[in-house]
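Worksheet: one structure, shown below.
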Amino acid sequence: PEETVTSSFAAFVHAVRPEHLSKTVCHRSKRMILDSIGVGLVGSTTHVFDIALQYCRELYSSVAVSSVYGKPGVKLSPTLAAFTNGVATHSMDFDDTWHPATHPSGAVLPALLAASQMLPPSTKPNGVDFLLAFNVGLEVQGRLMHFSTEAHNIPKRFHPPSVVGTMGSAAATAKLLSLSAAQCAHALGIAASLAGAPMANAATQAKPLHIGNATRLGFEAALLAARGMEANPSILDDIPGCSGFSAFYSVYQPKPLSTPSDHHEFLLEKQDIAFKRFPAHLGMHWVVDAALSVRNLFINYAGSFSPSLIRTIVLKIPVSKYINRPFPSSEHQARHSFQFNACTALLDGEVGLSSFTESSIHRQELRELLDKVVVEHPEDNVANFDKMYGEVALLLHSGDVLTGKCDTFYGHWRKPLSKESLLKKFRSNASHVLPEEKIETIITMVDNLENLSDSSQL
């Protein structure tokens, strides 16, 4: 493989040995170590250290009270349960997506579920409290994304839920814990110091950690603020020469969020959520629907789907490097490949859980289709989930051309899933770990959340 800066660093770390250290290096580094230990010792007398120590003792205590998805009887400390469940939520890239682009629920819900179980019986939040806290977490994420035009496009630098999701988790948990206004400000300030993950880890096993960390670290920020830890109370302001939250965006124009009076219109009121029909990056849903459309045309044309009749498959997609993957070799790469998802839809007539197994990814007939793919980037096809489209054209050996196009897939916020489709998805997913009666209980409980006296039951 071509050597990169990263690979050179890795090679150094692996190869360096004690004999490479000079006497001067040893002498100076010993001085640094001694000084640092002393600074650490005196630092242990401070209030902020006491807060962190108290928190860690509770974090890693033997009292595990919060449940883990799909593991009956298994409980963890609250923030670790939030982390684990956050990872689970994004492990297949099957979670909801908003616009500007982020995965809002996975960064908030696990923290609230864990926090509900953490609180003592006398202060358990009811269903209304839970629902409000959840929407607070969504609102903060949405408002922050609207502060930057950069956030409206498919991201290039930071994975959005690792940034705004951490802030949303902090806000939601702070609300559920009934923190003061000052404590809520500090929770956001602390969360900003815990936020951010690079897009380069998309299509790897590390990407689900972004959601796990967002929900956990936002939760931790709220707990630390509750214990008296302070942060910059102007973290969301655009202060020249001193970046706060603006560090995550090249263009950042914050606006105040007015205190709700008799009525507050949440962003969720104005902007619905996209729910995915199959477990892959949201961009894949455009090309899959386009591919299914042209597949039907092809069957009507030829009587059956016959790949041998196809000379070239042209994909017209927006420019987005991390989801333009001609030959994915792992399930996570496949979930982030326009080419793979289009060809899978053409070959199988659907994309589902089984599409991303090892055997499905490495099929010879799929590889033969991938070899025929050509990608084009029309100027009008922008990398924006509200404006992009997917187009799949089959250029046949006969000279005929069949084309399918999708500008709004089923499940997009402009074309929401029906109640029946959403319930079908939930039941299918939940059936992998829960019996039918528990699945139906959850459906009923969520449907009547306002009437739930103790949200930890969820």
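The values are calculated or read from the model by the stated rules, or taken from the named source; none is laboratory data. The model shown is predicted, which means the values in this text are computed figures rather than measured ones. Positions of Cβ are backbone-derived with ideal geometry, glycine not excepted, and every protein chain shown enters the neighbour counts. Heavy atoms of the whole protein, side chains included, go into the accessibility calculation; ligands, DNA and RNA do not. Shrake-Rupley method; radii C 1.70, N 1.55, O 1.52, S 1.80 Å.
So if I check each of 45, 6, which one is open to solvent by 80 Å² or more (accessible area, probe 1.4 Å), among the hydroxyl-bearing types (Ser, Thr, Tyr) and modelled with pLDDT of 80 or more?
45
Quick test of your reading of the structure: residue 29 fulfils all but one of (1) open to solvent by less than 70 Å² (accessible area, probe 1.4 Å); (2) among the hydroxyl-bearing types (Ser, Thr, Tyr); (3) touching a residue at least 40 places away in the same chain (Cβ under 8 Å). Name the failing condition by number.
It fails just one condition, (3).
Could you list, in sequence order, all residues of region 344-365 that are surrounded by 14 or more Cβ atoms within 10 Å (Cβ to Cβ), in contact (Cβ under 8 Å) with a residue 24 or more places away in the chain and over 25 Å from the mean Cα position of the chain (by Cα)?
346, 347
Restricting attention to region 297-310, and to residues there that are in contact with a Leu (Cβ under 8 Å, 6 or more places away or on another chain) and more than 25 Å from residue 323 (Cα to Cα), which single residue is most open to solvent (accessible area, probe 1.4 Å)?
301
Just checking, how many residues over region 448-458 are assigned to a helix (DSSP H, G or I) and of a type in the set (A, V, I, L, M)?
Number of matching residues: 1.
Just to be sure before I move on: is residue 392 aliphatic (A, V, I, L, M) and either under 26 Å from residue 199 (Cα atoms) or open to solvent by 40 Å² or more (accessible area, probe 1.4 Å) (or both) in the structure I sent?
For residue 392, the condition - aliphatic (A, V, I, L, M) and either under 26 Å from residue 199 (Cα atoms) or open to solvent by 40 Å² or more (accessible area, probe 1.4 Å) (or both) - is not met.
Tell me whether region 311-320 contains one or more residues that are part of a strand (DSSP E or B) and open to solvent by 30 Å² or more (accessible area, probe 1.4 Å).
yes
Tell me which residues, restricted to region 266-296, are more than 25 Å from the chain's Cα centre (by Cα) and open to solvent by 80 Å² or more (accessible area, probe 1.4 Å).
296
Would you call residue 216 basic (Lys, Arg), assigned to a helix (DSSP H, G or I) and more than 14 Å from the chain's Cα centre (by Cα)?
Taking the combined requirement at face value, the residue does not satisfy it.
Just to verify a result, which residue in region 412-458, among those that are in contact with a Gly (Cβ under 7 Å, 6 or more places away or on another chain), of a type outside the set (D, E, K, R) and open to solvent by 70 Å² or more (accessible area, probe 1.4 Å), is nearest to residue 130 (Cα to Cα)?
Among those that are in contact with a Gly (Cβ under 7 Å, 6 or more places away or on another chain), of a type outside the set (D, E, K, R) and open to solvent by 70 Å² or more (accessible area, probe 1.4 Å), it is 451.
Scan region 68-80 residue by residue and report those that are out of contact with any Phe, Trp or Tyr (no Cβ under 9 Å at 6 or more places or on another chain), open to solvent by less than 50 Å² (accessible area, probe 1.4 Å) and in contact (Cβ under 8 Å) with a residue 24 or more places away in the chain.
70
Do you know which of the residues in region 176-221 that are aliphatic (A, V, I, L, M) and open to solvent by 50 Å² or more (accessible area, probe 1.4 Å) is modelled with the highest pLDDT?
It comes out as 194.
Looking at region 252-268, is at least one residue of a type outside the set (Lys, Arg) and not in a loop (DSSP other than H, G, I, E, B)?
Looking for residues that are of a type outside the set (Lys, Arg) and not in a loop (DSSP other than H, G, I, E, B), one finds at least one in region 252-268, hence yes.
Starting from region 433-458, keep only residues that are touching a residue at least 24 places away in the same chain (Cβ under 8 Å), then list their pairs with residues that are among the β-branched types (Val, Ile, Thr) whose Cβ atoms are within a distance under 6 Å, requiring at least 6 positions of separation or different chains.
Partner pairs satisfying both residue conditions: 450/128.
Give me the residue from region 149-175 that is of a type in the set (S, T, N, Q) and under 12 Å from residue 99 (Cα atoms) and, out of that set, modelled with the highest pLDDT.
Here the answer is 149.
Matching residues to (1) in a loop (DSSP other than H, G, I, E, B); (2) farther than 23 Å from residue 274 by Cβ:
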site: 411; (1), (2): yes, no
site: 423; (1), (2): no, no
site: 426; (1), (2): no, no
site: 433; (1), (2): yes, yes
site: 440; (1), (2): no, yes
site: 446; (1), (2): no, no
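Quick one: residue 173 ticks every box in (1) part of a helix (DSSP H, G or I); (2) of a type in the set (S, T, N, Q); (3) open to solvent by 10 Å² or more (accessible area, probe 1.4 Å) bar one, so which box is it?
The number of the failed condition is (3).
Take the residues in region 235-264 that are of a type in the set (Gly, Ala, Ser) and at pLDDT below 90; name whichever of them is surrounded by the fewest Cβ atoms within 10 Å (Cβ to Cβ).
Top of the filtered list is 241.
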